[in-house]
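Only one structure is covered here, and it is reproduced in the block below.
The values are calculated or read from the model by the stated rules, or taken from the named source; none is laboratory data. Just so we're clear, the structure is a prediction, and the values are computed from it rather than from any experiment. So basically every Cβ, Gly included, is an ideal-geometry build from the backbone, and we count neighbours across all protein chains shown. Just so you know, the surface numbers come from the protein's heavy atoms only, side chains and all, with ligands and any DNA or RNA stripped out. Shrake-Rupley method; radii C 1.70, N 1.55, O 1.52, S 1.80 Å.
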Amino acid sequence: MVSATKLEGGYCFHSKNSPLDQPEGVKIHLYRLGIEQHDALKSFAYAGQGSPSLLDTFILSQWENFAQKGHMGYDVTACELKVIEGQRDFVIQMNDKWNTFPLKKHDKFGHPFGCLKPNSAKSYEELLLCIAEGEDTEPEVVPSTTPPNNGVLLIANAYPVEYGHIFLVPNSTNQLSSFWDKRMFGLITKIASEVNSTAFRVFFDDGTSIVPKHMFFQACYFANPLPVESASTVALYDGATRSGICVSEIVDYPLKALVFTSTNVNALVDVVSEACLALHEKNTVHSLMMSNNGRNVFLFPQVKNLVTGCYLSAWECCGYFVYHTKVDFDRASETGISNRMASFSFQDGEFEDLKKLCCAIADDLVT
Amino acid sequence: MEGEERRLAASLTARYSEWVLEELDELRGSFLLTDPAMPGHPIVYASRGLAALTGYPRRELLGRNARLFQGAATDRAAVSGVREAVRAQRAHQVAILNYRRDGSPHWVLLHLAPVFHAADGRVLHFLAVQVPIAPASSPRRHPGRPPAFAACREEARGEEELPCASHVGEVFVDIDKRGLEAEEPRIASGCDKEMALSTANSIFSTLNRYSKLTGLVVCERRCDSVGIPALSSSLNLSLGRIKQSFVLTDRHLPDMPIVYASDAFLSLTGYSREEILGCNCRFLNGPGTSAEVLEEINRHICREEACTVHLLNYRKDGSTFRDLLHVSPIRNSSGKVGLHPFQVAFHVWVHLDESAKHDFSGLTPEVWQLGAVGAVRVAVRSLSASGSLLRPSQ
């Protein structure tokens with residue numbers, strides 16, 4: 001038998017299924033980060049060990065539950081994947097149902113959540129959980145009717161690009177900057193660290209934002225490293241002995257890119273935030289990808305493609321592409337993809353300036 | 001960082017006993033061992049010879065991925081070949097341009113070989129021997145060749161105090177010309193190849209000897225003891241990171257045999273992996289196992305639906321446990337397994353002993369199980385270059 005105390009004391013996951021029975025309002029799952037997680041060294045110390053993290057299990061479970069209830073637009077695990085064998089091993093997916101802008105309909109996510117109304121329960125189905133800073137040493141999951149201000153909402157994407165595709169939307173009324181909130185980026189980094197899964201990757205796109213003036217992130221689970229993660233790097237700035245920040249350049253990759261690595265969350269958040277703000281001030285579109293439990297952040301500055309007028313999404317920058325038609329999927333080649341990526345890449349001069357800037361930012365942090 | 005080092009060392013000591021490190025230290029030659037099951041596929045052992053050859057102190061190498069030796073002029077095709085060999089879990093020899101810690105390039109013959117668990121054919125480690133290749137006796141040089149690449153690196157190194165100095169970037173700007181600027185490719189002599197092989201053999205014999213102390217036993221060649229196709233290495237590794245108790249069964253083989261069992265499942269039931277691979281899940285059943293519930297599972301499997309049931313099951317020692325069992329169909333996205341592309345390829349069976357004390361940090365057992373299902377679905381998305389979830393037959 002199930003231990004009775006555990007079940008009764010435990011937070012019942014299925015309580016969400018019957019929101020109408022609850023006069024006090026819709027309950028959402030609130031995950032409170034443990035305080036000790038805030039200490040960078042401690043939180044990284046157990047990376048890769050032992051059982052899966054509570055948050056990892058909870059996100060996967062909530063997403064799987066959402067999928068098993070039939071809320072997904074399609075089953076992404078049935079979408080064919082292929083490696084284009086070559087120097088870079090780009091990964092492509094055949095998916096004729098993928099929709100680029102599913103967040104469009106979520107106008108409400110542009111505004112902070114107040115108290116959730118029971119009668120609008122249906123539209124909150126995709127809200128998997130909310131994550132906020134906690135006050136206890138251990139992380140915990142509790143029911144809540146009000147997503148806390150300054151928390152992050154995890155919303156399932158019914159049109160996923162890969163398994164576990166979620167939007168991470170800040171629930172904040174007093175964001176200082178509508179484009180970039182360093183505190184929020186810090187929270188996102190902590191979440192990536194807390195998930196503690198090598199498969200979990202977080203994306204950010206500036207300039208292609210579909211919810212204008214509202215910063216949000218996306219995340220997916222990828223079983224394999226993305227192609228950019230296997231590319232060679234050359235160190236530009238090595239602050240390993242001081243701030244713990246290293247800035248490297250990705251070489252031999254069609255899209256010019258930098259990667260920031262550190263085991264110090266705060267230093268990483270500071271440097272990447274500075275770099276993103278500097279790019280934003282110059283109206284330069286850029287994308288980010290965070291991997292390795294929040295220890296690596298890839299930065300892809302982009303130029304506008306004059307032919308199409310569009311930009312690459314963060315996963316495309318990483319070498320992962322979705323094709324809508326079988327013909328295109330079968331025809332996709334390394335050369336074709338490389339050329340497409342190169343058309344968004346910075347010029348040498350611009351990139352040199354960015355490299356110098358990023359090294360200077362990393363260096364400033366120390367002194 | 002102390003803990004990190006201990007964790008890396010445990011990759012070896014847990015499998016080959018504490019003494020293996022000393023014994024490896026005695027061996028000549030430059031070589032390293034990596035653990036593909038750890039995140040980032042890190043180096044877990046580096047020999048003294050390797051430290052001398054590359055200029056990296058041994059401590060600095062531990063925990064890093066072996067691609068740190070590659071640099072701007074390293075031939076990408078050679079790197080792809082190595083990557084492919086790792087994926088296919090086979091031995092591979094290639095001459096490759098590596099970089100020392102000080103940035104100077106040097107040619108080595110890289111000999112790569114997987115170390116297999118003798119009992120179940122899993123890859124536990126990869127072994128990489130590096131034998132320096134001497135320049136050919138009459139080196140041919142391109143006329144008008146630009147100054148040696150090493151000199152550029154040297155210059156960059158001089159600027160370490162000013163890390164933003166533009167030199168650092170300039171050195172790598174012209175990567176497109178790397179074919180021209182790189183050193184003349186060197187060819188390994190028969191002698192180099194023999195030396196690589198003999199170093200590898202002595203490492204294998206050490207590992208094999210010490211693995212017998214822990215009862216694990218490793219070998220150079222995979223021994224497929226069971227008559228079922230093995231999963232690809234990338235899938236095996238991804239599944240290995242999932243800590244919940246579960247098995248995977250192959251939908252397309254007669255009688256739906258188990259093709260993967262997690263460590264937690266083995267400790268729950270008391271069976272060893274080789275005892276149950278290839279078996280149908282019914283070996284867990286016994287007197288008192290509800291036939292109706294088993295029938296219900298079958299119905300859901302036929303309809304390709306997930307189900308959760310309570311069942312009385314048996315461990316190897318004959319003791320019973322209340323099994324909270326969740327069964328879900330798992331699709332295959334590579335489209336190359338069996339006759340039914342993109343259809344259900346596997347079933348995941350997540351078992352939970354309801355009477356045991358579990359710490360789910362306030363989550364219900366059902367949440368815990370669905371989390372495992374999600375993790376398996378992610379793992380099954382892992383790709384090998386062949387596009388198949390099954391290992392290419394040799």
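Measuring between alpha carbons in the structure, the pairs from A:LYS182/A:LYS356; A:LYS97/A:LYS304; A:LYS69/A:LYS304 lying more than 31 angstrom apart are A:LYS69/A:LYS304. Between A:ALA342 and A:VAL303, the contour length at 0.36 nm per residue exceeds the Cα-Cα span by 13.1 nm. Sorting B:CYS302, B:CYS307 on solvent-accessible area from highest to lowest, probe radius 1.4 Å, gives B:CYS302, B:CYS307. Using a probe of 1.4 Å, the accessible surface attributed to B:ARG299 totals some 110 Å² when neighbouring protein chains are kept in position. Modelled spin labels at A:GLU138 and B:ASP263, positioned 7 Å past Cα toward Cβ, are 2.3 nm from each other.
Put simply, the amide H of A:GLY134, placed in the peptide plane, has neighbours under 5 Å in A:LEU33, leaving out anything fewer than 5 places away on its chain. In this label model, B:LYS357 and B:ASN280 are separated by 3.9 nm, measuring between points 7 Å along each Cα→Cβ vector. In this label model, B:ARG100 and A:ALA240 are separated by 1.8 nm, measuring between points 7 Å along each Cα→Cβ vector. For A:LEU277 and B:HIS310, a Förster radius of 56 Å and the Cβ-Cβ distance give a FRET efficiency of 0.50, rounded to the nearest 0.05.
Here r is the Cβ-Cβ distance between B:ALA14 and A:CYS310 and R0 is 51 Å; the resulting FRET efficiency, rounded to 0.05, is 0.50. Note on A:CYS310: accessible area approximately 60 square angstrom, rounded to 10, probe 1.4 Å, nucleic acids and ligands left out. Backbone amide hydrogens, once placed in the peptide plane, bring B:SER30 within less than 5 Å of B:GLN130, excluding anything fewer than 5 places away on its chain. Chains A and B together bury roughly 5000 Å² of accessible area, counting both sides, with a 1.4 Å probe on protein heavy atoms only. Applying the Karplus parametrisation 6.51 cos²θ - 1.76 cosθ + 1.60 with θ = phi - 60° to the phi angles of segment B:53-69, what ³J(HN,Hα) value in whole Hz is obtained for each residue in order, glycine and proline being reported as x? Coupling constants for segment B:53-69: 5, 9, x, 8, x, 4, 4, 6, 7, 4, x, 8, 7, 5, 6, 5, 6 Hz.
Could you give the size of the charge dipole of segment A:258-367 about its Cα centre, using +1 on the Cβ of each K and R and -1 on the Cβ of each D and E, expressed in debye and rounded to the nearest 20?
Around 340 debye, computed over segment A:258-367.
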